[in-house]
Amino acid sequence: MLLKDKIIIVTGSTKGIGKGVALKIAEEGGIPVISGRAKEQLANELPKEFESQGYKDLLYIPCDVSQEEDVQNLFQTVYEKYGRIDGLCANAGITDMCNFDEMTPERFDKMISINLRGVYLADWYAVKYFKKQGYGKIVNIGSDCSLEGWEFLSSYSAAKFGVRGLTQSLAKELGKYHINVNCVCPGIIDTDIWVTTDRLLGELNNKAIGESWNEKVEAIPLRRGGKPEDIGNGVVMLLSKYADYITGASLPVGGGSAVN
Ligand code: NDP
């Protein structure tokens, strides 16, 4: 068990990669804190799902990462219940795909407020507690787009490069407090974001539903699309003792779709 009794907050864990990460943390003996905006799922479906797999008494906390008071409440609630916070996976994110001339300032700001400022806010509150404790591990979720910009993803690529830059800066600044900060960069992962991406890429490039996904997957060296649990494996490793001497890294987890 790589994460026995470790308290780990996962932002955006109501579905997709975040949920996959939370389940892996639980599988490795850790205590994930599930969060996101979907209040109904947090109150009903998710506790049922985790409990049916034997993971009881977890916290399910509504949190929109673009709202500072939500993020503050998330960390405060967890600290009040457990008296410590061992790790954070800053995962919450959205996509937005269009021609650059349609990327209005409002759309750009929305992307930055969730995919970059949301990661900054979660890291910021985590660091407050981690400095007090004298340790802590942060794993930010970047993307292939943290390593190379994609067409039609100007705001997303800008935000995800930002996540990587933030990770590197914090790693250098916070190492002396025994705080590790790393970034996992997922490739082409089978979640709702990719359902949207496939549809929008299809509209932009005049392709049928499923075609863009198939093309991208065929180009992956390991010859398959990723699953949330693939990302969970990378995140768990970086939250575990096996990453005690790793900080500032951006780990591509995409079957080789992007290399670093
Ligand atoms: P999903 O759309 O399946 O899940 C996104 C999660 O983020 C949901 O739990 C959603 O929960 C949450 N979320 C969205 N906006 C907010 C917000 N403002 N505050 C809090 N939570 C929010 O997407 P993925 O699982 O694919 O994406 C997860 C992360 O992985 C993102 O950062 C994404 O950029 C990244 N990624 C994904 C890739 C892929 O191929 N799928 C590739 C590279 C990176 P709720 O609706 O409850 O708020």
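The values are calculated or read from the model by the stated rules, or taken from the named source; none is laboratory data. Treat the numbers as computed from the prediction; the structure is a model and nothing was measured. Here Cβ is always computed from backbone atoms with ideal geometry, including for glycine, and neighbour counts include all displayed protein chains. Surface areas here come from the heavy atoms of the whole protein model, side chains and all, with no ligands, DNA or RNA. Shrake-Rupley method; radii C 1.70, N 1.55, O 1.52, S 1.80 Å.
Brief remarks on what is shown
- Residues that are away from the ligand (no atom under 13 Å from the Cβ), small (Gly, Ala, Ser) and open to solvent by less than 50 Å² (accessible area, probe 1.4 Å) occur in region 69-91; there is at least one.
- Restricting attention to region 189-223, the residues that are without any contact (Cβ under 8 Å) to a residue 60 or more places away in the chain and not charged (D, E, K, R) add up to 16.
Conditions (1) open to solvent by 10 Å² or more (accessible area, probe 1.4 Å); (2) touching a His at 6+ places or on another chain (Cβ under 6 Å); (3) near the ligand (Cβ under 7 Å from one of its atoms); (4) not in a helix (DSSP H, G or I), marked per residue:
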site: Met1; (1), (2), (3), (4): yes, no, no, yes
site: Ile8; (1), (2), (3), (4): no, no, no, yes
site: Ser13; (1), (2), (3), (4): no, no, yes, yes
site: Lys19; (1), (2), (3), (4): yes, no, yes, no
site: Ile25; (1), (2), (3), (4): no, no, no, no
site: Gly29; (1), (2), (3), (4): yes, no, no, yes
site: Val33; (1), (2), (3), (4): no, no, no, yes
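- Filter result for Ala38 (within 12 Å of the ligand (Cβ to nearest atom) and in contact with a Pro (Cβ under 6 Å, 6 or more places away or on another chain)): no
- Reported count of residues in region 212-230, each being touching a helix residue (DSSP H, G or I) at 6+ places or on another chain (Cβ under 6 Å) and either assigned to a loop (DSSP other than H, G, I, E, B) or open to solvent by less than 70 Å² (accessible area, probe 1.4 Å) (or both), is 4.
- Test result for Asn140, within 13 Å of the ligand (Cβ to nearest atom), within 16 Å of Asp86 (Cα to Cα), buried (at least 20 other Cβ atoms within 10 Å of the Cβ) and of a type outside the set (Lys, Arg): yes
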